[in-house]
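The values are calculated or read from the model by the stated rules, or taken from the named source; none is laboratory data. In this text, all values refer to a predicted model and were calculated from it rather than measured experimentally. Virtual Cβ from ideal backbone geometry, glycine too; neighbours counted across all protein chains shown.
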Amino acid sequence: MMPPLYPKFSAFFKRVTIYLDKRLYPDNNVISWENSRSSAAHEGFEVKRKGDREFPAQIRLEMNYMLEKFMLSPALREVLGVQVDTRARIVSAIWHYVKARKLQIPNDPSFFHCDQALQRVFGEDKVKFTMVSQKISQHLFPPQVILLEHMIKLSGNSPVGSACYDVMVDVPFPIQRELNALVANVERTKEIDACDESICGIIRKIHEHRRRRAFFVGFSQSPLEFIKALVESQNKDLKVLLGESRHNAEKDRKSDFFKQPWVEDAIVRYLNRKPAAGSDAPGST
């Protein structure tokens, strides 16, 4: 089952507090919900109390932004034209402001000149780009909470009443879900590739041990014929490497050929060395 495309209502808030009339509800007049203490998200909140009098209820909403946001000071707000934003986007906006007005110092691009608006923010004639994030800290404040007043009515055509308010919230783009799934698939693919590489290494070792076993089994069953076939095979390879396309086959068939001084040394060498790759049979090359 696919998860919902957008977060539920309560996911947009860090804390929701409702204040009832103290005179009507002296003992339980404050109702508070905190996101950090909730085990699941909700599509809404419902508060019920017994009463026979109309009164205004105060609702306090503290936003739960996906990325931490700050309220800008009037001076910084005048430069960027926004009231609330993240630190990263504020720094980026200052960079674009500097580039658009060509305030970057040509001889030292790491600094930029401050026009009158920026001087009211930084209090300097020039500022280093790397210091912007630090210097704007004094111009960033926690975002203001949202305060609403809702009239509890007991009469009229719609006693329950309804009211709509526009509140800016952070909503993830639908494509972000696909990107997250893609990243997860890439990570799983890396794990699969690592397992495949490990399996291939084990298979290579199995084939190597299989060839070694075939080599020694052939030698144990018929040492003389095995050595003879091995020497003949390697002799052919040697002639190919040396470019000797012609050879006297009749000479190789005579026993005197294998009584030469190099034969004993060749036998010892081939017994001690690893069999060549792919040599499953004594005479294979």
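Worth pointing out:
- Listing of helices (runs of 4 or more DSSP H) fully contained in segment 72-170 that carry 1 or more residues being under 27 Å from Phe13 (Cα atoms) and without any contact (Cβ under 8 Å) to a residue 24 or more places away in the chain: 74-80, 87-100
- Considering residues of segment 21-67 that are aliphatic (A, V, I, L, M) and outside any strand (DSSP E or B) only, the residue farthest from Ser10 (Cα to Cα): Leu24
- With a requirement of 2 or more residues that are modelled with pLDDT of 70 or more, within 30 Å of Lys8 (Cβ to Cβ) and within 53 Å of the chain's Cα centre (by Cα), the helices (runs of 4 or more DSSP H) lying completely within segment 172-285 that satisfy it span 174-221.
- Scanning segment 36-50 for residues that are within 26 Å of the chain's Cα centre (by Cα) and either among the aliphatic types (A, V, I, L, M) or surrounded by 10 or more Cβ atoms within 10 Å (Cβ to Cβ) (or both) returns Ala40, Ala41.
- The set of residues from segment 2-20 being surrounded by 11 or more Cβ atoms within 10 Å (Cβ to Cβ), among the aliphatic types (A, V, I, L, M) and in a loop (DSSP other than H, G, I, E, B) comprises just one member, Leu20.
- Residue check, Ser92 small (Gly, Ala, Ser) and surrounded by 15 or more Cβ atoms within 10 Å (Cβ to Cβ): no
- Residue check for Ser155: at pLDDT below 90 and of a type in the set (Ser, Thr, Tyr): yes
- Long-range neighbours under 6 Å by Cβ, at least six apart or interchain, first residue modelled with pLDDT of 85 or more within segment 29-56, second surrounded by fewer than 12 Cβ atoms within 10 Å (Cβ to Cβ) and among the charged types (D, E, K, R): Asn29/Lys22; Pro56/Glu149
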